[in-house]
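Down below is the structure, laid out as structure tokens.
The values are calculated or read from the model by the stated rules, or taken from the named source; none is laboratory data. As the structure is a computational prediction, the values presented were derived from the model and not from experiment. Here the Cβ is made from the backbone with ideal geometry for all residues, glycine too, and neighbour counts use every protein chain on show. Note: areas computed on protein heavy atoms with side chains; ligands, DNA, RNA excluded. Shrake-Rupley method; radii C 1.70, N 1.55, O 1.52, S 1.80 Å.
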Amino acid sequence: MTLSAKLSDLGLALPAAPAPAANYVPFVISGTQLFVSGQISNGPDGLICGKLGADMTVEEGAKAARSCALALLAQANAAVDGEFSRVKRLVKLVGFVNSTPEFTDQPKVINGASDLMVAVLGEAGRHARSAVSAASLPL
């Protein structure tokens, strides 16, 4: 099953791979490994903005993380020229959560990305992970 078909089964669509927002490349292939740059949350109405613990719920944050995961998949798909079957395994996922100092549910927020990766990639989507709080994030 293709990436687009799998996402369609989940009621999702693969977005266009976002262009870099600064002086970096969206992905790098080194040998047989693909490294994808960080992605931002983007929804149907534009950027998903907010701060967990202040004006966003965990559920809203998880949806934002899922949108980042969709952008990661779009970048990976672009990196392999649309031949997503070349992607064999997700190794590591790092999520930065814009949150207040008191907020401690970063892992629940990043579950939005992790759950999507497993839904799309199956066992190959299970990964090592970091869920990190950030005082602020661009965009």
Single unsatisfied condition, L90 versus (1) in contact (Cβ under 8 Å) with a residue 40 or more places away in the chain; (2) within 26 Å of K6 (Cα to Cα): (1)
Residues located in region 1-19, provided they are within 12 Å of V120 (Cβ to Cβ) and open to solvent by less than 60 Å² (accessible area, probe 1.4 Å): L3, A5, L7, L12, L14
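Please state which one of A71, A65, A128 is out of contact with any helix residue (DSSP H, G or I) (no Cβ under 7 Å at 6 or more places or on another chain) and crowded, with 22+ Cβ neighbours inside 10 Å. Full working, then the answer.
Working: A65 fails: out of contact with any helix residue (DSSP H, G or I) (no Cβ under 7 Å at 6 or more places or on another chain); A128 fails: crowded, with 22+ Cβ neighbours inside 10 Å.
Just a single option satisfies the conditions, and that option is A71.
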Neighbours by Cβ (under 7 Å, 6+ apart or cross-chain): first from region 34-46, without any contact (Cβ under 8 Å) to a residue 60 or more places away in the chain; second hydroxyl-bearing (S, T, Y): S37/Y24; S41/S67; N42/S67; G43/S67
Subset tally (residues that are touching a helix residue (DSSP H, G or I) at 6+ places or on another chain (Cβ under 8 Å) and over 21 Å from S133 (Cα atoms)) for region 22-52: 5
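Within region 61-80, identify whether any single residue is of a type outside the set (G, A, S) and free of Cβ contacts under 8 Å to residues at least 40 places away in the same chain, and answer yes or no.
The first filter runs over region 61-80 and keeps only residues of a type outside the set (G, A, S), leaving 63, 66, 68, 70, 72-73, 75, 77, 80.
Imposing the further condition that a residue be free of Cβ contacts under 8 Å to residues at least 40 places away in the same chain reduces the set to none.
The answer is no, given that none of the residues of region 61-80 is of a type outside the set (G, A, S) and free of Cβ contacts under 8 Å to residues at least 40 places away in the same chain.
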Answer residue from region 86-125, given it is surrounded by 13 or more Cβ atoms within 10 Å (Cβ to Cβ) and among the charged types (D, E, K, R) and is modelled with the lowest pLDDT among those: R86
Hits in region 1-12 (condition: aliphatic (A, V, I, L, M) and closer than 18 Å to V87 by Cα): M1, L3, A5, L7
